[in-house]
Amino acid sequence: MSCLSVIVPCYNGEKFIGRCLESLVNQTLQDIEIIVINDGSTDNSQDIIDSYANKYHNIKAYKIPNSGIADARNFGVSKVETPYFGFLDCDDYTDVTMFEKMYNKAIETNAQVVVSNFYWVKGKKKKLEKEGPYNTGKDMLIHLFAVLWNKIYDTAFVRSTNIRFPSGNRYEDAYFLYCLAPNIERLAFVDEAFVHYVQHENSITHNNNEEVKNMITIFDNILNYYAHTNRYDEYHDELEYLHIKFFLGNSFLRSARIDDKQDRDYTIQLGWNMLNDEFPDWHHNHYLKELPGLKNLYFRMVYDWNVMLFAYLFRIIG
């Protein structure tokens, strides 16, 4: 049996999947399994996947009807037979030493999750992003990056939590990681960057359409998870700060760029209402007061009377 699996969901990735798989078949960790899931692509992705699967015995290729990234990830996890697994999206690629170094750190520390740094790549520009170190529990909830592919996971541990990616939804990585976080007791870090996270103008992260509303559904599901596992009160302040950060930060910025004014205002108001309905005293959140930076200063300045003004300014700034 291999020691680690890498799950690669692919939907219409013919331009990138070859580069992604090339970075995996050349990993210095020899005992690795690559699980590729073609999520109903309509381009030539399958031909490229087949060419690699025919050449490399450690690639397991699957084709499923198009059902979205969350279901593709769940399918991939269901096929894992190794002690550890990780993810790599089909339009990204990684340095060839990544999984050897991550796996060795996991074995050395008996970690349930191992985290590394990564690169943002846009065109010819590359920017280092450092994640961690941070502690387990509340500290992790505040400081983790909600991306899957710069981490590896203990398979038995993840399965013991019964946490699955939310079917039919985007921002599935945020749900998975923020729900997994309070369960983690052993966490380790590799202070190196491996994954090249490639930015595309037409990606979901940068599309300013109605799908940004899906973040509201995801965060409602996160709150339900904490309530159903009797952790809501314990993690109240951390969940409150997460809502501030996402609904005045990530989601707010994308909502502000929706072209249709009526839809733009409606989407902004949805996020604003969710924050204030769930956490009416959020301006008193102690993380908001204690954490440094212009971002938190901006958060503290937003009120009902000026929220649309900030949206207008962000739209102009672009």
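The values are calculated or read from the model by the stated rules, or taken from the named source; none is laboratory data. Bear in mind the structure is a predicted one, so any value in this text is a computation, not a measurement. All Cβ positions, glycine included, derive from the backbone under ideal geometry; neighbour counts span all protein chains shown. For the accessible areas, the whole protein counts, side chains as well, though only heavy atoms, and no ligand, DNA or RNA atoms are used. Shrake-Rupley method; radii C 1.70, N 1.55, O 1.52, S 1.80 Å.
Key figures for this structure:
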| quantity | calculated |
| --- | --- |
| Which label in (i) 24.9; (ii) 20.6; (iii) 19.8 gives the computed Kirkwood radius over Cα pairs in Å | (ii) |
| Environment charge at Arg73 (Cβ cut-off 9 Å; Lys +1, Arg +1, Asp -1, Glu -1) | -2 |
| Paired Rg and Dmax values of the stretch 73-180, which use every Cα atom, in angstrom | 14.1, 42 |
| Space enclosed by the convex hull of the alpha-carbon atoms of the stretch 68-128, per residue, Å³ | 115 |
| Extension gain (nm, one decimal) between Glu278 and Asn221, 0.36 nm per residue minus Cα-Cα | 19.2 nm |
| Nearest 10 degrees, 0 to 90: helix 98-109 Cα axis against the chain principal axis | 80 |
| Between 0 and 90°, nearest 10: helix 45-55 axis offset from the chain longest Cα axis | 40 |
| Apportionment of accessible area to carbon and sulfur, the chain, percent (1.4 Å) | 49 |
| When each of Lys151/Lys213; Lys15/Lys125; Lys130/Lys151 is checked by Cα-Cα distance, pairs over 21 Å | Lys151/Lys213 |
| Percentage of interatomic Cα-Cα distances in the stretch 145-295 larger than 24 Å | 40 |
| Theoretical gain in end-to-end length, Lys126 to Glu290 [0.36 nm per residue, Cα-Cα removed] | 56.0 nm |
| Probe 1.4 Å, protein heavy atoms only - accessible area per residue of the stretch 1-98 in square angstrom | 41 |
| Of all DSSP beta bridges in the stretch 39-177, antiparallel share, percent nearest 5 | 90 |
| Kirkwood Rh in Å, taken over all unlike Cα pairs in the stretch 127-176 | 12.6 |
| For the chain, cysteines whose Cβ has no other cysteine Cβ within reach (under 4.7 Å) | Cys3, Cys20, Cys179 |
| Calculated [θ] (222 nm, deg cm²/dmol) that DSSP helices of n ≥ 4 give over the chain, each run adding -39,500 (n - 2.57) | -12500 deg cm²/dmol |
| Residues Thr42 and Phe145, FRET efficiency given R0 of 41 Å [Cβ-Cβ distance, rounded to 0.05] | 0.85 |
| Dimensions (Å) - the stretch 1-151, Cα atoms, principal axes, largest first | 43, 38, 28 |
| C-alpha long axis of helix 214-228 to longest principal axis of the chain, angle in ° | 90 |
